[in-house]
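The values are calculated or read from the model by the stated rules, or taken from the named source; none is laboratory data. Not measured: the values here are computed from a predicted model. Here the Cβ positions follow ideal geometry from the backbone for every residue, glycine too, while neighbour counts run over all protein chains shown.
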Amino acid sequence: MREKNANLEMFNFFLKIVLPVLLTVVLFAVSVFVVIIPAFKNKIMDDKKEMIHELTDTAWSILEESEAMYKSGETSLEEAKQRAIFRVQALRYGNSRKDYFWIIDMSPKMISHPYKPELVGKDLTNYQDQAHRKLFLESVNLVKKSGSGFISYMWQWKDQPQRVEQKLSYVKGFKPWGWILGTGIYLEDVKQEISLMTNRIFAISLGIMGFVSLLLFFVAQQSLKIEREKESAKEGLRESREKYKALVEASTEGLIMFLEGRFFHSNLAFLSMMGYSAAELEKINFGEIISGTGDNYFESLFEGVEVPEQCETRLKRKDGSFFDAILSSTVISFAGKKGFVSIVKDVSGQKQIEQKKLEEERERLITELQTALFFLHQPLKCCLKEVASCRKNSSIKDAAQLMRKRQSTCLLLESENGDFAGIVTDNDMSGVVAKGTDAHTPISEIMSFPLVSISNQALVLEAAIEMQEKGVDHLAVRDKDEKIIGIIGNNELLQVQRYSPAATLHEIEKAENAEEIISTRDKLPILVKALIDCGADTKSITKINSEISDLILKKFITFAIKELGKPPAQFSFMVMGSEGRMEETLLTDQDNAIIYEDVPAEDKEIVEIYFKKLSEIICEWLGKAGYKKCEGNIMATNPKWRCSLSEWEKYFTEWITAASPQHLLEFNIFFDFRSIYGGKQLTNSLRQHIDELLAITPQFFLHLAQNCLLYNPPVGMFGKISVKTKGQHAETFSVKEAMKPIINFARIYCLKNKIDITNTLFRLDKLLENGLISESTHQEAVQVYNFLIQLRFKHQVLLIESGKEPDNYINPKNLTAAELDILKEVFSQTAAFQSKLSFDFKGAA
């Protein structure tokens with residue numbers, strides 16, 4: 001049977017691969033010898049005819065010129081004819097300069113012939129060639145009828161009388177004198193040229209067919225290899241199934257598969273626990289053997305109700321006795337039937353109970369961390385307090401009574417025009433009591449201003465950070481129209497200090513030197529792992545990671561300025577690439593730059609010296625903190641990326657107006673710049689300059705789209721993940737490169753529509769909000785991005801835990817089957833995004 005299948009597979013292989021290639025070779029050969037070569041022959045002959053036609057016209061012009069001289073009286077008719085004969089007889093052409101012209105009259109009588117002088121003056125009426133053709137008489141008849149034309153005949157080979165070859169001549173009559181002018185080519189020459197061309201085409205065709213044959217051999221060899229590998233994989237799958245079965249059977253924990261109310265499979269450990277045989281168990285409904293808290297567990301599981309990952313229950317043995325067990329279940333669909341797979345652990349003994357308690361404690365801690373993360377990343381509007389306010393000329397006494405009545409820890413003070421001028425808190429009131437200030441004093445005397453506020457779209461974590469940075473314990477909350485809609489105080493956010501991200505930020509904030517920050521940053525991989533383990537979403541992870549990096553950089557800049565003194569000009573320290581997009585991972589290069597205001601030429605040297613020292617100190621500290629220096633030297637330490645606003649505008653002008661896909665490969669990360677420290681008016685001016693340039697340079701987006709399409713998803717012919725076959729990272733693919741299509745997709749649409757956001761997920765959200773992409777496209781893009789960056793974080797954390805340097809190169813063999821399936825789907829969706837981008841910006845999918 002196996003041999004029959006093998007023969008069938010070989011026959012299918014021949015039909016699907018070998019036969020089409022053979023047919024291609026045959027069709028190619030037929031087209032060469034039936035179409036191409038005859039076409040070349042006709043073309044060569046037509047070119048030769050055209051040549052002698054034009055040469056005859058040229059020589060004919062000599063006769064015309066002599067006739068003109070005669071008519072003008074410059075010479076006599078006889079002299080004009082002799083002059084024309086002399087000039088025409090001297091004409092030669094061809095490779096050997098032996099091709100010539102001859103002249104006869106309408107008698108016909110030979111007027112001139114350079115190689116047959118004995119014919120000159122003779123009557124040629126009955127002159128015949130070796131084929132008995134009266135060629136000169138035919139020439140006269142042809143000229144009389146058409147004025148000119150081609151004739152074929154036999155004639156001596158150039159200046160060799162003993163050799164006769166077929167010749168094709170073009171003759172043209174000259175009416176004024178009754179002459180016929182002619183010249184011809186030997187068809188032997190044409191045949192040799194055609195033969196040479198035919199041999200070349202034949203040789204090329206032979207080479208192509210040889211190459212195709214080799215290719216066929218290679219394809220056949222590879223296909224056979226694939227077929228063998230396929231058979232080997234099938235055999236391996238069978239072995240894996242047997243091994244898995246053996247592993248399941250050897251497990252000390254019970255395992256059951258339950259489909260549509262009946263046992264479908266159970267291992268020996270479970271059968272041993274229950275005292276049943278497999279055949280007996282298949283006839284029993286699961287509800288007959290379970291009791292206690294597990295009664296409704298599986299019913300809830302099927303209905304999609306959230307249930308604990310583990311369920312403690314009691315199972316009934318065949319002999320009627322019960323034992324305590326813990327079930328860990330997962331809903332499955334098998335062959336169209338719904339069911340579940342459960343791992344059954346007998347926890348009757350004390351050791352198992354203690355282990356269970358440890359696991360429950362772990363789950364409790366994870367749940368607490370998940371709750372903390374959920375709270376930290378809720379929008380502020382979920383915990384706002386109503387605004388309590390009074391006129392700023394109210395007395396301290398009245399304000400205190402109002403605060404007590406409203407049970408508020410603060411009051412906003414209204415000015416005459418209705419705006420809020422400042423804030424008074426319970427701490428301010430405590431100071432009044434301590435100092436013994438008159439209670440009738442206007443409340444405005446003790447208010448704090450200006451009023452510090454934050455958007456109601458901000459997160460709880462961002463509010464806590466803002467309070468720490470500004471040194472306040474209350475924030476006014478504004479809506480999108482900048483209207484104050486509530487107050488949030490330190491009391492509401494006090495619990496934030498208990499959470500590790502906030503604690504890490506707090507440590508960085510209170511650090512007094514660079515060394516303290518560098519040691520704190522070492523905790524970041526542990527924090528990221530905790531976030532991943534507790535199921536935090538990727539947006540939260542990248543946001544926390546970027547907030548920590550931003551604060552580290554701000555502190556480094558502050559320390560450096562303290563060391564060097566006040567900057568000689570306004571400046572902004574920018575970040576680009578993943579940090580500019582707030583998408584840093586645990587392996588992030590330093591992509592940074594400095595932009596400063598334009599200064600007079602005489603101050604340029606002082607400014608450059610200062611910012612050179614500043615950038616060297618900052619980048620050195622960043623390197624010690626684990627942020628590697630950029631291999632492309634895109635850092636503020638490079639004088640090219642440390643310059644004035646006008647110089648930066650020149651850079652972007654050149655990149656946009658003279659764009660090419662290769663340039664954009666190097667410089668597209670600059671379009672994701674973001675200000676970290678200093679005057680944002682500089683980066684805002686630069687962004688405005690870019691938007692104005694893009695509006696008048698539509699061809700830029702074509703180049704940017706071509707750049708986006710350079711990446712090919714690493715998927716082979718049969719859906720297998722393609723990997724590098726050699727080099728430092730052999731057998732891996734770059735997850736960083738895999739993310740670029742989604743990042744580029746979001747960037748190009750936002751640049752096109754003047755959306756000045758750099759984060760990829762926020763860009764996608766804004767594109768959806770503005771109706772620039774569909775909801776399905778948004779959902780798929782977000783899913784692709786989240787899966788890849790989570791895969792990237794997980795890979796880097798595992799490397800760090802094993803004592804290795806983090807990188808972006810993943811071996812598909814280290815992924816689970818589920819991860820591989822999702823990854824293949826992700827790459828398929830990536831190709832779809834590239835098709836949309838190609839259609840929208842190039843007009844072709």
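Just a few scattered comments:
- Applying the criterion of being closer than 11 Å to Lys316 by Cβ, more than 54 Å from the chain's Cα centre (by Cα) and not in a helix (DSSP H, G or I) to the residues of segment 270-295, the residue that is modelled with the lowest pLDDT is Ser291.
- Entirely in segment 106-188, the strands (runs of 3 or more DSSP E) that have 3 or more residues that are of a type outside the set (Val, Ile, Thr) and over 60 Å from the mean Cα position of the chain (by Cα): 148-157, 160-174, 179-186
- Near pairs, Cβ below 7 angstrom, 6+ apart or cross-chain, from segment 270-282 (assigned by TED's automatic domain parsing to the domain that holds Val341) to any residue that is of a type in the set (Phe, Trp, Tyr): Leu281/Phe263; Glu282/Phe263
- Out of Glu354, Glu386, Glu312, Glu368, sole residue that is exposed (fewer than 15 other Cβ atoms within 10 Å of the Cβ) and modelled with pLDDT of 75 or more: Glu386
- Subset of segment 725-742 (residues that are in contact (Cβ under 8 Å) with a residue 24 or more places away in the chain and surrounded by fewer than 19 Cβ atoms within 10 Å (Cβ to Cβ)): His729, Glu731, Ser734, Lys736, Glu737, Lys740
- All of (1) in contact with a strand residue (DSSP E or B) (Cβ under 7 Å, 6 or more places away or on another chain); (2) closer than 24 Å to Ser519 by Cβ hold for Glu584 with one exception: (1).
- Candidates in segment 794-845 are the residues that are among the acidic types (Asp, Glu) and either in contact with an Asp or Glu (Cβ under 6 Å, 6 or more places away or on another chain) or surrounded by 13 or more Cβ atoms within 10 Å (Cβ to Cβ) (or both); of these, the one that is nearest to Val784 (Cα to Cα) is Glu825.
- Residues that are touching a helix residue (DSSP H, G or I) at 6+ places or on another chain (Cβ under 8 Å), basic (Lys, Arg) and within 14 Å of Leu586 (Cβ to Cβ) within segment 754-812 comprise Arg792, Lys794, listed in sequence order.
- Exactly one residue out of Lys555, Lys566 is at pLDDT 85 or above, part of a helix (DSSP H, G or I) and either over 32 Å from the mean Cα position of the chain (by Cα) or not charged (D, E, K, R) (or both), and it is Lys555.
- Residue list for segment 122-158, restricted to those being among the acidic types (Asp, Glu) and in contact with a Lys or Arg (Cβ under 6 Å, 6 or more places away or on another chain): Asp123
- Condition check for Gln796 on (1) in contact (Cβ under 8 Å) with a residue 60 or more places away in the chain; (2) not in a helix (DSSP H, G or I): one failure, at (2).
- Search result, residues across segment 691-731 that are touching a Leu at 6+ places or on another chain (Cβ under 7 Å) and of a type in the set (Val, Ile, Thr): Ile721
- Residue in segment 743-754 that is in contact with a strand residue (DSSP E or B) (Cβ under 8 Å, 6 or more places away or on another chain), within 22 Å of Thr542 (Cα to Cα) and outside any loop (DSSP other than H, G, I, E, B) present: no
- Residues of segment 455-479 classified as of a type in the set (A, V, I, L, M, F, W, C) and outside any helix (DSSP H, G or I), total: 6
- Residue-level analysis places Phe174 outside the set of residues that are over 18 Å from Lys98 (Cα atoms), touching a residue at least 12 places away in the same chain (Cβ under 8 Å) and touching a Lys or Arg at 6+ places or on another chain (Cβ under 8 Å).
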